[in-house]
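**Student:** Could you have a look at this structure, given as C-alpha coordinates, before my questions?
The values are calculated or read from the model by the stated rules, or taken from the named source; none is laboratory data. Everything quoted here is computed from the prediction, not taken from an experiment. Backbone-built Cβ (ideal geometry, glycine too); neighbour counts: all protein chains shown.
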Amino acid sequence: METQGPKALPSPHNPLSQATIVIGAGLGGCAAAIALHHHGHKVICVLDKVREFGRLGDSLGLGENALKLLSHWNCDVDEIKRIGNQAPNMKIRRWSDGKVLAEQPLMDMAGYIGHRGDYHDVFLNWVSERNIPIRMGSEVIAYEDIDPQPIITLKSGEKLSADIIIAADGIKSLARPLVLKMRDDPVNSGYACFRAFFKPDQSIRQDPTCNTYLQGDCVNFWIGPDTHLVQNTLRGGEEFNWILTHKDDGDVPESWFQPGDMDEVRRLVTDLDPTIAEIVRRTQSCLDWKICYREPLPTWVSEGSHRIALLGDSCHAHLPTSAQGASQAVESAGCLATCLGLVRGREEVRIATRAYEKLRFRRTRESQSNGEDLRDRWHGVLKEVDEEREIDPEDVKVKNGWLYAFDAEEDARTRWKTIREVVEGEFLAGKISPLC
Ligand SMILES: Cc1cc2nc3c(=O)[nH]c(=O)nc-3n(C[C@H](O)[C@H](O)[C@H](O)COP(=O)(O)OP(=O)(O)OC[C@H]3O[C@@H](n4cnc5c(N)ncnc54)[C@H](O)[C@@H]3O)c2cc1C
(Lines give C-alpha, C1' and ligand atoms only; values in the text may rest on other atoms or scores of the structure.)
Protein backbone atom coordinates (compact mmCIF):
# COMPACT_ATOMS: atom_id res chain seq x y z
CA MET A 1 0.00 0.00 0.00
CA GLU A 2 1.30 3.44 -0.92
CA THR A 3 1.73 5.70 2.09
CA GLN A 4 1.77 9.47 2.34
CA GLY A 5 4.25 11.49 4.42
CA PRO A 6 3.26 13.01 7.76
CA LYS A 7 0.95 16.00 7.34
CA ALA A 8 2.51 19.41 8.06
CA LEU A 9 1.11 20.93 11.22
CA PRO A 10 -0.13 24.44 11.74
CA SER A 11 2.28 26.03 14.22
CA PRO A 12 0.38 27.15 17.31
CA HIS A 13 0.52 30.88 18.15
CA ASN A 14 1.04 30.28 21.83
CA PRO A 15 4.63 29.02 22.27
CA LEU A 16 3.51 26.73 25.09
CA SER A 17 0.55 25.38 23.16
CA GLN A 18 0.99 21.80 22.05
CA ALA A 19 -0.41 20.29 18.87
CA THR A 20 -2.18 17.10 19.87
CA ILE A 21 -3.99 14.18 18.29
CA VAL A 22 -6.39 12.03 20.30
CA ILE A 23 -6.96 8.42 19.31
CA GLY A 24 -10.41 7.13 20.27
CA ALA A 25 -13.58 9.23 20.40
CA GLY A 26 -15.08 7.39 23.38
CA LEU A 27 -15.93 9.36 26.52
CA GLY A 28 -12.24 9.41 27.54
CA GLY A 29 -11.00 10.64 24.17
CA CYS A 30 -13.72 13.30 23.94
CA ALA A 31 -12.89 14.49 27.47
CA ALA A 32 -9.19 14.69 26.54
CA ALA A 33 -9.98 16.79 23.44
CA ILE A 34 -12.22 19.15 25.42
CA ALA A 35 -9.71 19.54 28.27
CA LEU A 36 -6.76 20.18 25.93
CA HIS A 37 -8.78 22.72 23.97
CA HIS A 38 -9.79 24.45 27.20
CA HIS A 39 -6.15 24.67 28.30
CA GLY A 40 -5.18 26.35 25.01
CA HIS A 41 -3.75 23.41 23.11
CA LYS A 42 -4.43 22.71 19.48
CA VAL A 43 -6.38 19.48 19.00
CA ILE A 44 -5.70 18.58 15.39
CA CYS A 45 -8.31 15.83 15.40
CA VAL A 46 -9.88 12.98 17.32
CA LEU A 47 -9.65 9.70 15.41
CA ASP A 48 -11.97 6.74 15.77
CA LYS A 49 -11.83 3.45 13.96
CA VAL A 50 -15.61 2.91 13.73
CA ARG A 51 -17.52 4.54 10.86
CA GLU A 52 -20.39 5.65 13.06
CA PHE A 53 -21.39 5.35 16.69
CA GLY A 54 -24.53 3.49 17.70
CA ARG A 55 -26.35 3.80 21.02
CA LEU A 56 -24.07 1.17 22.51
CA GLY A 57 -23.82 -0.20 26.02
CA ASP A 58 -26.36 0.45 28.74
CA SER A 59 -26.08 2.20 32.12
CA LEU A 60 -23.04 4.30 32.88
CA GLY A 61 -22.36 6.54 35.86
CA LEU A 62 -20.77 9.98 35.78
CA GLY A 63 -19.76 11.30 39.18
CA GLU A 64 -19.52 14.86 40.45
CA ASN A 65 -15.73 14.50 40.15
CA ALA A 66 -16.17 14.35 36.36
CA LEU A 67 -18.97 16.89 36.10
CA LYS A 68 -17.05 19.57 37.98
CA LEU A 69 -14.18 19.32 35.48
CA LEU A 70 -16.49 19.34 32.47
CA SER A 71 -18.14 22.39 33.96
CA HIS A 72 -14.74 24.13 34.33
CA TRP A 73 -14.25 23.46 30.63
CA ASN A 74 -17.52 25.29 29.87
CA CYS A 75 -19.55 22.20 29.05
CA ASP A 76 -23.23 22.52 29.93
CA VAL A 77 -23.41 19.62 32.37
CA ASP A 78 -27.14 20.16 32.83
CA GLU A 79 -27.45 18.28 29.54
CA ILE A 80 -26.06 15.22 31.36
CA LYS A 81 -28.21 15.79 34.43
CA ARG A 82 -31.35 16.09 32.31
CA ILE A 83 -30.92 12.78 30.49
CA GLY A 84 -29.71 10.79 33.49
CA ASN A 85 -31.81 8.92 36.03
CA GLN A 86 -33.86 11.40 38.07
CA ALA A 87 -34.46 9.20 41.15
CA PRO A 88 -33.16 10.85 44.34
CA ASN A 89 -32.34 7.58 46.12
CA MET A 90 -31.39 4.03 45.38
CA LYS A 91 -32.32 0.98 47.41
CA ILE A 92 -30.15 -2.00 48.24
CA ARG A 93 -32.34 -5.06 48.74
CA ARG A 94 -32.06 -8.66 49.85
CA TRP A 95 -31.85 -11.06 46.90
CA SER A 96 -34.55 -13.49 47.99
CA ASP A 97 -37.40 -11.20 49.02
CA GLY A 98 -36.49 -7.63 48.11
CA LYS A 99 -36.32 -6.48 51.74
CA VAL A 100 -34.65 -3.04 51.78
CA LEU A 101 -31.28 -3.38 53.56
CA ALA A 102 -30.13 0.20 52.94
CA GLU A 103 -31.21 3.32 51.10
CA GLN A 104 -28.91 6.12 50.07
CA PRO A 105 -28.81 9.10 47.71
CA LEU A 106 -28.02 8.14 44.12
CA MET A 107 -25.39 10.87 44.11
CA ASP A 108 -23.42 8.96 46.78
CA MET A 109 -23.41 5.89 44.62
CA ALA A 110 -22.94 6.21 40.88
CA GLY A 111 -23.62 9.90 40.47
CA TYR A 112 -25.61 10.55 37.33
CA ILE A 113 -26.65 7.23 35.79
CA GLY A 114 -27.73 7.37 32.18
CA HIS A 115 -27.44 5.45 28.95
CA ARG A 116 -23.83 5.35 27.79
CA GLY A 117 -24.89 6.12 24.22
CA ASP A 118 -26.83 9.22 25.29
CA TYR A 119 -23.94 10.54 27.37
CA HIS A 120 -21.57 9.76 24.52
CA ASP A 121 -23.70 11.84 22.12
CA VAL A 122 -23.48 14.79 24.50
CA PHE A 123 -19.67 14.44 24.73
CA LEU A 124 -19.37 14.18 20.93
CA ASN A 125 -21.45 17.36 20.56
CA TRP A 126 -19.23 19.20 23.00
CA VAL A 127 -16.20 18.25 20.91
CA SER A 128 -17.88 19.35 17.67
CA GLU A 129 -19.04 22.67 19.22
CA ARG A 130 -15.35 23.46 19.74
CA ASN A 131 -14.67 22.85 16.04
CA ILE A 132 -12.43 19.92 16.84
CA PRO A 133 -12.61 17.51 13.89
CA ILE A 134 -13.71 13.96 14.72
CA ARG A 135 -12.49 11.66 11.98
CA MET A 136 -14.53 8.48 11.87
CA GLY A 137 -13.35 5.32 10.10
CA SER A 138 -9.76 6.21 11.00
CA GLU A 139 -8.11 3.21 12.57
CA VAL A 140 -4.61 3.67 13.92
CA ILE A 141 -2.46 0.64 13.18
CA ALA A 142 1.10 1.77 13.94
CA TYR A 143 3.06 4.16 16.13
CA GLU A 144 6.52 5.65 15.69
CA ASP A 145 7.73 6.96 19.03
CA ILE A 146 10.06 9.70 17.82
CA ASP A 147 11.05 13.12 19.13
CA PRO A 148 9.94 15.88 18.72
CA GLN A 149 6.82 14.57 16.95
CA PRO A 150 5.70 10.95 17.12
CA ILE A 151 3.96 9.57 14.04
CA ILE A 152 0.89 7.37 13.73
CA THR A 153 -0.19 5.40 10.70
CA LEU A 154 -3.83 4.84 9.82
CA LYS A 155 -5.15 1.72 8.14
CA SER A 156 -5.57 3.80 4.97
CA GLY A 157 -1.81 4.36 4.93
CA GLU A 158 -2.10 8.01 5.92
CA LYS A 159 0.47 9.22 8.44
CA LEU A 160 -0.13 11.95 11.01
CA SER A 161 2.12 13.53 13.61
CA ALA A 162 1.77 15.89 16.56
CA ASP A 163 3.66 17.16 19.59
CA ILE A 164 1.62 14.80 21.75
CA ILE A 165 -0.48 11.79 20.91
CA ILE A 166 -3.07 10.62 23.40
CA ALA A 167 -4.21 7.04 23.03
CA ALA A 168 -7.70 6.74 24.53
CA ASP A 169 -8.37 3.59 22.56
CA GLY A 170 -10.25 1.61 25.17
CA ILE A 171 -9.93 -1.66 27.01
CA LYS A 172 -8.60 -3.51 23.97
CA SER A 173 -6.02 -0.81 23.34
CA LEU A 174 -3.54 -1.31 20.54
CA ALA A 175 -1.35 1.39 22.05
CA ARG A 176 -0.73 -0.81 25.10
CA PRO A 177 1.20 -3.47 23.15
CA LEU A 178 2.59 -1.18 20.43
CA VAL A 179 3.60 1.86 22.48
CA LEU A 180 4.16 0.48 25.97
CA LYS A 181 5.25 -2.96 24.73
CA MET A 182 2.97 -4.45 27.38
CA ARG A 183 1.09 -7.64 26.71
CA ASP A 184 -2.65 -7.42 26.83
CA ASP A 185 -3.54 -10.16 29.26
CA PRO A 186 -7.04 -9.86 30.67
CA VAL A 187 -7.23 -11.63 34.02
CA ASN A 188 -10.47 -13.49 34.62
CA SER A 189 -12.14 -11.93 37.69
CA GLY A 190 -14.26 -15.04 38.18
CA TYR A 191 -17.40 -13.00 37.43
CA ALA A 192 -19.48 -12.13 34.39
CA CYS A 193 -22.53 -9.93 33.83
CA PHE A 194 -25.63 -10.67 31.85
CA ARG A 195 -26.99 -7.28 30.72
CA ALA A 196 -30.20 -6.18 29.02
CA PHE A 197 -31.55 -2.78 28.06
CA PHE A 198 -34.96 -2.50 26.40
CA LYS A 199 -38.27 -0.68 26.12
CA PRO A 200 -40.81 -2.96 27.81
CA ASP A 201 -43.87 -3.57 25.62
CA GLN A 202 -47.49 -3.03 26.67
CA SER A 203 -48.00 -6.62 27.84
CA ILE A 204 -45.14 -6.20 30.32
CA ARG A 205 -46.20 -2.68 31.31
CA GLN A 206 -49.70 -3.81 32.15
CA ASP A 207 -48.72 -6.98 33.98
CA PRO A 208 -48.58 -6.35 37.75
CA THR A 209 -46.03 -9.15 38.17
CA CYS A 210 -43.63 -7.20 35.91
CA ASN A 211 -44.31 -3.50 36.25
CA THR A 212 -43.33 -2.66 39.85
CA TYR A 213 -40.17 -0.88 38.67
CA LEU A 214 -41.65 0.71 35.54
CA GLN A 215 -43.55 3.49 37.26
CA GLY A 216 -40.81 6.12 37.01
CA ASP A 217 -37.03 6.53 37.21
CA CYS A 218 -35.63 4.26 39.93
CA VAL A 219 -32.50 2.32 40.82
CA ASN A 220 -32.46 -0.84 42.92
CA PHE A 221 -29.86 -3.45 43.73
CA TRP A 222 -30.60 -6.99 44.87
CA ILE A 223 -27.65 -8.58 46.61
CA GLY A 224 -27.13 -12.22 47.44
CA PRO A 225 -24.38 -14.76 47.97
CA ASP A 226 -21.95 -14.44 45.06
CA THR A 227 -24.42 -12.52 42.95
CA HIS A 228 -26.15 -9.17 42.54
CA LEU A 229 -28.62 -7.61 40.17
CA VAL A 230 -28.88 -3.91 39.34
CA GLN A 231 -32.05 -2.41 37.90
CA ASN A 232 -32.08 1.05 36.38
CA THR A 233 -35.25 2.54 34.89
CA LEU A 234 -34.77 5.62 32.69
CA ARG A 235 -36.95 8.22 30.93
CA GLY A 236 -39.71 8.10 33.47
CA GLY A 237 -40.16 4.35 33.14
CA GLU A 238 -39.90 4.05 29.36
CA GLU A 239 -36.53 2.23 29.30
CA PHE A 240 -35.46 -0.62 31.52
CA ASN A 241 -32.03 -2.01 32.24
CA TRP A 242 -30.90 -4.92 34.38
CA ILE A 243 -27.38 -6.19 34.95
CA LEU A 244 -26.88 -9.53 36.67
CA THR A 245 -23.38 -10.17 38.03
CA HIS A 246 -22.67 -13.80 38.76
CA LYS A 247 -19.83 -16.23 39.32
CA ASP A 248 -18.33 -17.36 36.05
CA ASP A 249 -15.18 -19.29 35.34
CA GLY A 250 -16.00 -19.92 31.69
CA ASP A 251 -14.17 -18.41 28.78
CA VAL A 252 -16.73 -15.98 27.39
CA PRO A 253 -14.85 -13.50 25.20
CA GLU A 254 -14.45 -10.01 26.66
CA SER A 255 -16.85 -8.07 24.45
CA TRP A 256 -19.73 -5.59 24.62
CA PHE A 257 -21.51 -7.56 21.88
CA GLN A 258 -21.44 -11.19 23.07
CA PRO A 259 -25.02 -12.61 23.17
CA GLY A 260 -26.05 -14.05 26.55
CA ASP A 261 -28.01 -17.21 27.29
CA MET A 262 -31.46 -16.25 28.61
CA ASP A 263 -32.05 -19.83 29.81
CA GLU A 264 -29.02 -19.45 32.06
CA VAL A 265 -30.34 -16.09 33.27
CA ARG A 266 -33.72 -17.68 34.10
CA ARG A 267 -31.92 -20.38 36.06
CA LEU A 268 -29.92 -17.79 38.00
CA VAL A 269 -33.03 -15.83 39.04
CA THR A 270 -35.15 -18.77 40.24
CA ASP A 271 -34.75 -17.69 43.88
CA LEU A 272 -34.76 -13.93 43.19
CA ASP A 273 -37.37 -11.56 44.71
CA PRO A 274 -40.49 -12.14 42.55
CA THR A 275 -41.15 -8.39 42.17
CA ILE A 276 -38.15 -8.16 39.83
CA ALA A 277 -37.59 -11.76 38.72
CA GLU A 278 -40.55 -11.91 36.32
CA ILE A 279 -39.52 -8.99 34.12
CA VAL A 280 -36.00 -10.43 33.99
CA ARG A 281 -37.38 -13.83 32.97
CA ARG A 282 -39.50 -12.27 30.23
CA THR A 283 -36.60 -10.35 28.70
CA GLN A 284 -36.08 -11.45 25.09
CA SER A 285 -32.30 -11.25 24.87
CA CYS A 286 -29.27 -10.10 26.76
CA LEU A 287 -25.53 -9.67 26.42
CA ASP A 288 -22.90 -11.66 28.27
CA TRP A 289 -20.07 -9.45 29.44
CA LYS A 290 -17.05 -11.09 30.95
CA ILE A 291 -15.51 -9.07 33.76
CA CYS A 292 -11.76 -9.03 33.44
CA TYR A 293 -9.10 -7.25 35.40
CA ARG A 294 -6.06 -5.73 33.85
CA GLU A 295 -2.87 -5.81 35.86
CA PRO A 296 -1.77 -2.25 36.72
CA LEU A 297 0.69 -0.97 34.14
CA PRO A 298 4.17 0.17 35.22
CA THR A 299 4.00 3.03 32.71
CA TRP A 300 1.38 4.90 30.68
CA VAL A 301 3.82 6.87 28.51
CA SER A 302 6.07 5.96 25.57
CA GLU A 303 9.67 5.31 26.48
CA GLY A 304 11.41 6.99 23.52
CA SER A 305 9.90 10.46 23.09
CA HIS A 306 7.66 10.47 26.20
CA ARG A 307 5.12 12.12 23.89
CA ILE A 308 2.56 9.32 23.51
CA ALA A 309 0.36 8.97 26.59
CA LEU A 310 -2.40 6.47 27.27
CA LEU A 311 -5.63 7.61 28.95
CA GLY A 312 -8.89 6.02 30.13
CA ASP A 313 -9.68 2.31 29.82
CA SER A 314 -6.50 1.75 27.79
CA CYS A 315 -4.46 2.22 30.99
CA HIS A 316 -6.90 2.20 33.94
CA ALA A 317 -10.01 0.12 33.15
CA HIS A 318 -12.52 -0.24 36.01
CA LEU A 319 -14.96 -2.90 37.16
CA PRO A 320 -18.61 -1.93 36.63
CA THR A 321 -19.29 -1.84 40.39
CA SER A 322 -16.92 1.12 40.68
CA ALA A 323 -19.22 3.19 38.41
CA GLN A 324 -16.09 5.28 37.78
CA GLY A 325 -14.58 4.14 34.46
CA ALA A 326 -15.74 7.19 32.52
CA SER A 327 -15.27 9.63 35.42
CA GLN A 328 -11.68 8.55 35.96
CA ALA A 329 -11.00 9.00 32.24
CA VAL A 330 -12.33 12.58 32.56
CA GLU A 331 -10.08 13.15 35.59
CA SER A 332 -7.06 11.86 33.67
CA ALA A 333 -7.90 14.24 30.82
CA GLY A 334 -7.99 17.16 33.26
CA CYS A 335 -4.73 16.14 34.89
CA LEU A 336 -2.83 15.70 31.61
CA ALA A 337 -4.09 18.99 30.14
CA THR A 338 -3.19 20.80 33.38
CA CYS A 339 0.34 19.35 33.45
CA LEU A 340 0.89 20.36 29.83
CA GLY A 341 -0.09 23.90 30.79
CA LEU A 342 2.43 23.97 33.67
CA VAL A 343 5.61 23.21 31.74
CA ARG A 344 7.90 26.05 30.66
CA GLY A 345 8.46 25.17 27.04
CA ARG A 346 7.57 22.71 24.29
CA GLU A 347 10.70 20.67 24.98
CA GLU A 348 9.37 19.99 28.48
CA VAL A 349 6.44 17.88 27.30
CA ARG A 350 8.17 14.81 28.68
CA ILE A 351 8.04 16.33 32.18
CA ALA A 352 4.30 16.86 31.82
CA THR A 353 3.52 13.35 30.59
CA ARG A 354 5.68 11.68 33.24
CA ALA A 355 4.16 13.88 35.95
CA TYR A 356 0.69 12.96 34.65
CA GLU A 357 1.19 9.23 35.08
CA LYS A 358 2.66 9.71 38.55
CA LEU A 359 -0.16 12.02 39.63
CA ARG A 360 -2.87 9.68 38.36
CA PHE A 361 -1.64 6.20 39.18
CA ARG A 362 -2.51 5.91 42.86
CA ARG A 363 -5.86 7.66 42.48
CA THR A 364 -6.99 5.29 39.71
CA ARG A 365 -5.81 2.26 41.69
CA GLU A 366 -7.86 3.39 44.68
CA SER A 367 -10.91 3.95 42.56
CA GLN A 368 -10.48 0.53 40.92
CA SER A 369 -10.14 -1.21 44.30
CA ASN A 370 -13.23 0.58 45.59
CA GLY A 371 -15.31 -1.24 42.97
CA GLU A 372 -13.79 -4.58 43.92
CA ASP A 373 -14.40 -3.97 47.62
CA LEU A 374 -18.05 -3.15 47.01
CA ARG A 375 -18.67 -6.27 44.97
CA ASP A 376 -17.01 -8.44 47.62
CA ARG A 377 -18.98 -6.83 50.45
CA TRP A 378 -22.26 -7.33 48.62
CA HIS A 379 -21.56 -10.91 47.69
CA GLY A 380 -20.20 -11.78 51.11
CA VAL A 381 -22.59 -10.10 53.52
CA LEU A 382 -25.49 -12.47 52.98
CA LYS A 383 -23.30 -15.51 53.41
CA GLU A 384 -22.47 -14.54 56.97
CA VAL A 385 -25.87 -13.73 58.40
CA ASP A 386 -29.01 -15.80 58.41
CA GLU A 387 -32.27 -14.35 57.11
CA GLU A 388 -33.55 -13.51 60.59
CA ARG A 389 -30.61 -11.32 61.62
CA GLU A 390 -30.53 -7.63 60.81
CA ILE A 391 -27.81 -6.42 58.45
CA ASP A 392 -26.07 -3.18 59.32
CA PRO A 393 -26.94 -0.83 56.40
CA GLU A 394 -23.37 0.51 56.52
CA ASP A 395 -22.11 -2.94 55.47
CA VAL A 396 -23.89 -2.71 52.12
CA LYS A 397 -23.84 1.00 51.33
CA VAL A 398 -21.88 2.24 48.36
CA LYS A 399 -19.01 4.35 49.65
CA ASN A 400 -18.08 6.59 46.73
CA GLY A 401 -18.47 10.00 48.42
CA TRP A 402 -14.71 10.45 48.85
CA LEU A 403 -14.21 9.88 45.13
CA TYR A 404 -16.58 12.67 44.14
CA ALA A 405 -15.03 15.39 46.29
CA PHE A 406 -11.77 15.24 44.31
CA ASP A 407 -10.70 17.90 41.80
CA ALA A 408 -8.08 16.36 39.49
CA GLU A 409 -6.92 19.69 38.09
CA GLU A 410 -6.48 21.25 41.51
CA ASP A 411 -4.64 18.13 42.65
CA ALA A 412 -2.25 18.43 39.68
CA ARG A 413 -1.59 22.11 40.40
CA THR A 414 -1.09 21.51 44.13
CA ARG A 415 1.34 18.65 43.71
CA TRP A 416 3.04 19.93 40.55
CA LYS A 417 6.20 21.38 42.12
CA THR A 418 6.99 18.23 44.07
CA ILE A 419 6.21 15.86 41.21
CA ARG A 420 8.14 18.01 38.75
CA GLU A 421 11.24 17.74 40.94
CA VAL A 422 10.86 13.98 41.13
CA VAL A 423 10.50 13.68 37.35
CA GLU A 424 13.44 16.01 36.67
CA GLY A 425 15.55 13.96 39.10
CA GLU A 426 14.61 10.76 37.28
CA PHE A 427 15.52 12.23 33.89
CA LEU A 428 18.85 13.43 35.30
CA ALA A 429 19.52 9.97 36.69
CA GLY A 430 18.51 8.47 33.33
CA LYS A 431 15.85 6.21 34.82
CA ILE A 432 12.09 6.69 35.03
CA SER A 433 10.73 4.74 38.00
CA PRO A 434 7.98 2.28 37.17
CA LEU A 435 4.54 3.12 38.55
CA CYS A 436 4.32 -0.29 40.19
C1 LIG B 1 -19.33 -0.50 22.98
C2 LIG B 1 -19.06 -0.12 24.40
C3 LIG B 1 -20.08 -0.23 25.34
C4 LIG B 1 -19.85 0.13 26.66
N5 LIG B 1 -20.87 0.04 27.54
C6 LIG B 1 -20.69 0.41 28.82
C7 LIG B 1 -21.74 0.37 29.74
O8 LIG B 1 -22.84 -0.03 29.41
N9 LIG B 1 -21.51 0.75 31.01
C10 LIG B 1 -20.28 1.18 31.42
O11 LIG B 1 -20.11 1.55 32.59
N12 LIG B 1 -19.25 1.23 30.56
C13 LIG B 1 -19.42 0.87 29.28
N14 LIG B 1 -18.38 0.93 28.41
C15 LIG B 1 -17.07 1.36 28.91
C16 LIG B 1 -17.03 2.85 29.14
O17 LIG B 1 -17.53 3.53 28.02
C18 LIG B 1 -15.60 3.26 29.44
O19 LIG B 1 -15.18 2.58 30.62
C20 LIG B 1 -15.40 4.74 29.72
O21 LIG B 1 -16.27 5.53 28.99
C22 LIG B 1 -13.96 5.17 29.37
O23 LIG B 1 -13.81 4.92 28.03
P24 LIG B 1 -12.61 5.18 27.09
O25 LIG B 1 -12.90 6.41 26.28
O26 LIG B 1 -11.31 5.08 27.78
O27 LIG B 1 -12.74 3.88 26.13
P28 LIG B 1 -13.93 3.45 25.17
O29 LIG B 1 -15.22 3.94 25.58
O30 LIG B 1 -13.77 1.98 24.98
O31 LIG B 1 -13.56 4.18 23.78
C32 LIG B 1 -12.43 3.81 23.01
C33 LIG B 1 -12.66 4.30 21.59
O34 LIG B 1 -11.45 4.07 20.86
C35 LIG B 1 -11.77 3.60 19.58
N36 LIG B 1 -10.60 2.86 19.10
C37 LIG B 1 -10.12 1.70 19.60
N38 LIG B 1 -9.01 1.32 18.93
C39 LIG B 1 -8.78 2.28 17.99
C40 LIG B 1 -7.79 2.44 16.99
N41 LIG B 1 -6.80 1.55 16.83
N42 LIG B 1 -7.86 3.52 16.19
C43 LIG B 1 -8.85 4.45 16.35
N44 LIG B 1 -9.83 4.32 17.28
C45 LIG B 1 -9.79 3.25 18.09
C46 LIG B 1 -13.00 2.74 19.82
O47 LIG B 1 -13.75 2.60 18.62
C48 LIG B 1 -13.75 3.53 20.89
O49 LIG B 1 -14.68 4.44 20.32
C50 LIG B 1 -18.56 0.58 27.07
C51 LIG B 1 -17.53 0.68 26.13
C52 LIG B 1 -17.77 0.35 24.80
C53 LIG B 1 -16.64 0.50 23.79
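**Student:** Tell me which residues, restricted to the range 252-287, are without any contact (Cβ under 8 Å) to a residue 40 or more places away in the chain and within 16 Å of the ligand (Cβ to nearest atom).
**Tutor:** Scanning the range 252-287 gives PRO253, SER255, PHE257, GLN258, PRO259.
**Student:** Taking the range 256-315, which residues are closer than 16 Å to TYR356 by Cα, charged (D, E, K, R) and part of a loop (DSSP other than H, G, I, E, B)? Write out each step before concluding.
**Tutor:** Taking the range 256-315 and keeping what is closer than 16 Å to TYR356 by Cα, we get 296-303, 305-315.
Still in the running and charged (D, E, K, R): 303, 307, 313.
Once the filter is applied, which keeps residues that are closer than 16 Å to TYR356 by Cα, charged (D, E, K, R) and part of a loop (DSSP other than H, G, I, E, B), the range 256-315 yields GLU303, ARG307.
**Student:** So which residues in the range 161-186 are in contact (Cβ under 8 Å) with a residue 60 or more places away in the chain, outside any loop (DSSP other than H, G, I, E, B), within 14 Å of the ligand (Cβ to nearest atom) and under 23 Å from ALA19 (Cβ atoms), if there are any at all?
**Tutor:** Residues satisfying the conditions are ILE165, ILE166, ALA167, ALA175, VAL179.
**Student:** Starting from residues that are in contact with a Gly (Cβ under 7 Å, 6 or more places away or on another chain) and among the small types (Gly, Ala, Ser), keep the ones in the range 302-325 and report whichever is farthest from CYS30 (Cα to Cα).
**Tutor:** Here the residue is SER322.
**Student:** Sticking with this one: What's the number of the only condition in (1) touching a residue at least 60 places away in the same chain (Cβ under 8 Å); (2) surrounded by 14 or more Cβ atoms within 10 Å (Cβ to Cβ); (3) farther than 22 Å from LEU62 by Cβ that ASP407 fails to meet?
**Tutor:** The one condition ASP407 does not meet is (3).
**Student:** Specify the residue that is farthest from the ligand (Cβ to nearest atom); the eligible residues are those in the range 288-332 that are within 25 Å of VAL127 (Cβ to Cβ) and among the charged types (D, E, K, R).
**Tutor:** If we take residues in the range 288-332 being within 25 Å of VAL127 (Cβ to Cβ) and among the charged types (D, E, K, R), then ARG307 is farthest from the ligand (Cβ to nearest atom).
**Student:** To continue, here is another question. State which residue pairs qualify: first residue farther than 17 Å from ASP121 by Cα and free of Cβ contacts under 8 Å to residues at least 40 places away in the same chain and inside the range 17-36, second residue among the charged types (D, E, K, R) and part of a loop (DSSP other than H, G, I, E, B) in any location, beta carbons under 9 Å apart, and separation of 6 or more residues or different chains.
**Tutor:** Every condition considered, the pairs that remain are SER17/ASP163.
**Student:** Quick test for you: out of SER96, SER71, SER59, pick the one residue that is within 15 Å of the ligand (Cβ to nearest atom), hydroxyl-bearing (Ser, Thr, Tyr) and on the phi < 0 side of the Ramachandran plot.
**Tutor:** Numbers: SER96 fails: within 15 Å of the ligand (Cβ to nearest atom); SER71 fails: within 15 Å of the ligand (Cβ to nearest atom).
Testing whether each residue is within 15 Å of the ligand (Cβ to nearest atom), hydroxyl-bearing (Ser, Thr, Tyr) and on the phi < 0 side of the Ramachandran plot leaves just SER59.
**Student:** So GLU144 clears everything in (1) surrounded by 14 or more Cβ atoms within 10 Å (Cβ to Cβ); (2) in contact (Cβ under 8 Å) with a residue 60 or more places away in the chain; (3) of a type outside the set (Gly, Ala, Ser) except one condition, right? Which one?
**Tutor:** Unmet condition: (2).
**Student:** If you don't mind, another one. Output yes when any residue across the range 63-84 is among the small types (Gly, Ala, Ser), part of a strand (DSSP E or B) and either buried (at least 17 other Cβ atoms within 10 Å of the Cβ) or touching a residue at least 60 places away in the same chain (Cβ under 8 Å) (or both), and no when none is.
**Tutor:** No: zero hits.
**Student:** Looking only at the range 95-115, count every residue that is part of a loop (DSSP other than H, G, I, E, B) and either crowded, with 16+ Cβ neighbours inside 10 Å or of a type in the set (A, V, I, L, M) (or both) and tell me the total. Break it down into steps so the answer makes sense when it comes.
**Tutor:** Just the residues of the range 95-115 that are part of a loop (DSSP other than H, G, I, E, B), to begin with: 95-99, 110-111.
With either crowded, with 16+ Cβ neighbours inside 10 Å or of a type in the set (A, V, I, L, M) (or both) added as a condition, the list becomes 95, 98, 110-111.
Residues flagged as part of a loop (DSSP other than H, G, I, E, B) and either crowded, with 16+ Cβ neighbours inside 10 Å or of a type in the set (A, V, I, L, M) (or both) within the range 95-115 amount to 4.
**Student:** For the range 116-138: of the residues being in a helix (DSSP H, G or I) and of a type in the set (Gly, Ala, Ser), which is surrounded by the fewest Cβ atoms within 10 Å (Cβ to Cβ)?
**Tutor:** Restricting attention to the range 116-138, the residues satisfying the condition of being in a helix (DSSP H, G or I) are 116-129.
Imposing the further condition that a residue be of a type in the set (Gly, Ala, Ser) reduces the set to 117, 128.
Numbers: GLY117: 15, SER128: 13.
Step by step, filter the range 116-138, then rank; the result is SER128.
**Student:** Kindly evaluate TYR119 against the criterion of being within 15 Å of the ligand (Cβ to nearest atom) and closer than 19 Å to CYS30 by Cα.
**Tutor:** Values: within 15 Å of the ligand (Cβ to nearest atom): yes; closer than 19 Å to CYS30 by Cα: yes.
In short, yes.
**Student:** Are any of the residues in the range 238-249 under 24 Å from the mean Cα position of the chain (by Cα), assigned to a strand (DSSP E or B), more than 17 Å from TRP289 (Cβ to Cβ) and not assigned by TED's automatic domain parsing to the domain that holds GLY380?
**Tutor:** Yes, that holds for at least one residue.
**Student:** Quick one: is ASP207 among the acidic types (Asp, Glu), over 20 Å from ARG116 (Cβ atoms), assigned to a loop (DSSP other than H, G, I, E, B) and over 27 Å from the mean Cα position of the chain (by Cα)? Explain how you work it out, then say what you get.
**Tutor:** Working: among the acidic types (Asp, Glu): yes; over 20 Å from ARG116 (Cβ atoms): yes; assigned to a loop (DSSP other than H, G, I, E, B): yes; over 27 Å from the mean Cα position of the chain (by Cα): yes.
Yes.
**Student:** Is it true that some residue in the range 282-292 is of a type in the set (Ser, Thr, Tyr) and either at pLDDT below 85 or in the same structural domain as ARG176 (by TED's automatic domain parsing) (or both)?
**Tutor:** To start, the set of residues in the range 282-292 that are of a type in the set (Ser, Thr, Tyr) comprises 283, 285.
Pick out the ones that are also either at pLDDT below 85 or in the same structural domain as ARG176 (by TED's automatic domain parsing) (or both) and you get none.
No, the range 282-292 has no match at all.
**Student:** Something else about it: Out of all the residues in the range 210-237, which are assigned to a loop (DSSP other than H, G, I, E, B) and among the charged types (D, E, K, R)? Show your work before the answer.
**Tutor:** To start, the set of residues in the range 210-237 that are assigned to a loop (DSSP other than H, G, I, E, B) comprises 210-217, 225-226.
Hits for the range 210-237 are ASP217, ASP226.
**Student:** Here's another thing I want to ask about it. Of the conditions (1) in contact with a strand residue (DSSP E or B) (Cβ under 6 Å, 6 or more places away or on another chain); (2) more than 15 Å from the ligand (Cβ to nearest atom), ARG135 fails just one. Which one is it?
**Tutor:** Answer for ARG135: the failing condition is (2).
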